[in-house]
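J.: Pasting in a structure now, in structure tokens, and then I'll have a few things to ask.
All of the numbers you see were taken from the coordinates with simple rules; none came from a lab. Keep in mind the model is a prediction, meaning the values are calculated, not measured. Reconstructed Cβ throughout: ideal geometry from the backbone, glycine too, with neighbour counts over all protein chains shown.
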Amino acid sequence: MVGVAVRVHSRTGDDLGLCHLPPPVEIGDVLELGHGPILLLRVVDLVETGPHSPLAPLVKVSPAPMVVR
């Protein structure tokens, strides 16, 4: 997969799994999680890791409302 692998957590601390985001990962980014129904989430907090870290960056997310234009 192309992008940065990140570990995704809900605002309540639930582990939602891994997701790939294009770098740089920033607060406010929107990601799509899961297979099946589309779940859009917005990054609200970020814990970065070093470039050679075996751990993915950690992101905390909240639901992102869909905007239809």
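J.: Once you list every other residue whose beta carbon is under 12 Å from the beta carbon of VAL8, what net charge do they have if Lys and Arg are +1 and Asp and Glu are -1?
T.: -1
J.: Once you have all Cα-Cα distances for region 4-64, histogram them in 5 Å bins from zero and send the whole-percent values.
T.: Per 5 Å bin, starting at zero, the Cα-Cα P(r) for region 4-64 comes out as 4, 20, 33, 26, 12, 4, 1 percent.
J.: Count charges around ARG42 for me, please; just the other residues with Cβ under 14 Å from its Cβ, Lys/Arg as +1, Asp/Glu as -1.
T.: Here the count lands on -2.
J.: Net charge near GLU26, counting Lys/Arg +1 and Asp/Glu -1 over other residues with Cβ under 15 Å of its Cβ?
T.: -1
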